[in-house]
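Participant: Sharing a structure with you now.
The values are calculated or read from the model by the stated rules, or taken from the named source; none is laboratory data. From a predicted model like this one, the values you see are computed outputs, not experimental measurements. Reconstructed Cβ throughout: ideal geometry from the backbone, glycine too, with neighbour counts over all protein chains shown. Ligands, DNA and RNA are excluded from the accessible area calculation, which covers all protein heavy atoms including side chains. Shrake-Rupley method; radii C 1.70, N 1.55, O 1.52, S 1.80 Å.
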Amino acid sequence: MEKFFFKKVSALLLVLVVAALLLCSCATAKMKKNVDKQNEAKAMLIAGDIGKAKQEIAASKEAYKDELVYLADMGWLCYYNGDYKEAIKNLLQAEKLAEEKRVKSFSDGLEKAVASDSAADYVLENYEDVYINLCLALCYYEIGEKDEAFVEIRKVNTKLDNMTLNEKEQLSKFKKTVFAISPDAMGAYEEIKQGKEREYTASSLASFLSMRFNSASGDSDTAGYTDAKNLYDNFGIQAEEDDIETPKNKARVNLVSLEGLIANKEEKSTVASTSIVLANIEKLLNIAGVSPEAIASKVGFTGGPFGHKVAWPVLNNGMDSSVVSTRIICSNGQSAKAEIIENMNDTASSALVFKAPSNYLRSYYRGYMKNVAGIAAAVAAEYGAYVAADKISNSFAKKAALASAGVAFQAALSKLQNTEAADLRMVSFMPAKISAAGLTLEPGVYDFTVEYTLTSGKKVTREFNKVNVKADELNLIISNCTK
């Protein structure tokens, strides 16, 4: 019986550890390759080689673990490169796929959370999802389809309301399930949580564009005014009177400027301490003719506490755009300094802090379940070592056998715990911040220069020539500087 028992326990522990290591290491390796390719393309964008960055990512499709992230990245790169119809094609596919994955993720719930985050399908962060629609709006505007652009803007608020509701409901489910097995699950998180938490319930860019679309269509007393007020109330931005309602027989031209590239995600982690009761592992201690209680008493199983790694993503706040100021200059001599209406690094960081409890609980749950399985295998194997040692007459050899078994299984458990890693996948080519400015002009044809001043003092310009600025219409200058 002992020989069969040793084979069974060894196989169990081997399968457990190897499966966890292979699943996580393969997914993590793929994720790292994906991130490396994104960073290479980011360097090209910062250097001003937009076309080259687009080619690099297009040629690196196989390096991407998720088609969704690839489609969103390609959409942004096509947008920067002026390939608006190609951008729309990629972004529409990304939007459809994002909705499918979000619905599936919500229906799967915590029972699927035991799989590594990096091994599962990526579900876009709320701000990434919303900015697919906003990028679509900008693309549609650029090709003259203003009605389609406004449809994308109107989608944003509805989408954000649903996302927030789902996130809160899922967090509630996670807490109930995890707290049922470990009431102090959030203890380690409460000790180290940091950063400003802001629920992502609105986009200032969406509010700004909605305000301008409504004002241009003559709705400044209703939706346009409400959006302008929301822009001020929610984001501390003072909307100019001419953006709410342009003076009669005058034309309003607005700059929307996308600057820099959003910062990368990085891992934050801690070690959680968990106690495991015999009832949670006894089904795994399945040895013919021996009760779980007998096995536990033989090896001195006390239930812990046991430590396991918990990891979740945060934003690297050390990264930012090198653009320090932006100005729009009209050929008639008028100019205006652009003001930041949305800092995407702040938005993303706050949104990730808001989502951190859910990500923490997923990781905690995985760590707990790996602990349960790993400790059960180790306890059973240690019991087997005691049974075998009883057959050894030499006391020194008996002690050596027991010591070797203990060291081997502790090493295996340690490796098992190190399989946990934060999911660092993300849409990498979103802007770091969005600025806006406006000029009130006589209707006519003008040339415009958008001037960016960098941290080095260097100035970078974008030229927009022969722009027909019309009264009672939406006139947007959409510019970008990825430095």
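Participant: Label E463 and F179 with points 7 Å out from Cα along Cα→Cβ: what is the distance between them in nm?
Facilitator: 6.3 nm
Participant: Summing Lys, Arg as +1 and Asp, Glu as -1, what charge do residues with Cβ under 11 Å from the Cβ of N81 carry, N81 excluded?
Facilitator: -1
Participant: Taking the solvent-accessible surface of protein heavy atoms with a 1.4 Å probe, what is the per residue accessible area of the range 257-386 in Å²?
Facilitator: Ligands and nucleic acids excluded, the result is 36 Å² per residue.
Participant: Share of the range 417-471's accessible area from carbon and sulfur, percent, 1.4 Å?
Facilitator: Within the range 417-471, the accessible surface is 48 percent carbon and sulfur.
Participant: Between E40 and T201, 0.36 nm times their residue separation minus their Cα-Cα distance comes to what?
Facilitator: Residue separation times 0.36 nm, minus the Cα-Cα distance, leaves 54.7 nm.
Participant: Where Lys and Arg each count +1 and Asp and Glu each count -1, what net charge lies around K433 among other residues with Cβ under 9 Å from its Cβ?
Facilitator: Cβ neighbours under 9 Å give a net charge of -4.
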